[in-house]
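The values are calculated or read from the model by the stated rules, or taken from the named source; none is laboratory data. Just so it is clear, the structure is predicted and the values come from calculations on it, not from any experiment. A quick note on method: Cβ atoms are made from the backbone with ideal geometry, for glycine too, and the neighbour counts reach across all protein chains shown.
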Amino acid sequence: MGDSRIPAIRPASATGMDGFGDRRSAATVHSGFSSLLLMVWLVAAVATLGGALGSGMEDDEAVKAAAYGARQRQRFDKSD
């Protein structure tokens, strides 16, 4: 009646298991973690370069206008 070539699918029996059971190797977990670290490093590097380029393109007045409110800009104008 049943085909013996089709493996039986059993639900995960322990909390946190994803169906791979004991067949999941440490290399698979290590590979996922190293990929995650690579992605984090890449995003941080691109963000750092983008911030450096963006800050170099702005002048002091544009930075003050974006960073401070109207009252603080009035104080800056009085002190200059």
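A few comments on the model shown:
- Of all residues in region 33-80, those satisfying the criterion of being hydroxyl-bearing (Ser, Thr, Tyr) and part of a helix (DSSP H, G or I) are 34, 35, 48, 55, 79.
- Applying a threshold of 9 Å to beta carbon distances and a minimum spacing of six or more residues, or different chains, the list of pairs starting in region 37-63 at a residue that is without any contact (Cβ under 8 Å) to a residue 60 or more places away in the chain and ending at one that is surrounded by 10 or more Cβ atoms within 10 Å (Cβ to Cβ) and part of a helix (DSSP H, G or I) reads 55/63.
- Exactly one residue out of 63, 43, 29 is surrounded by 10 or more Cβ atoms within 10 Å (Cβ to Cβ), under 29 Å from the mean Cα position of the chain (by Cα) and at pLDDT 80 or above: that is 43.
- Residue in region 67-74 that is modelled with pLDDT under 80 and out of contact with any strand residue (DSSP E or B) (no Cβ under 6 Å at 6 or more places or on another chain) present: yes
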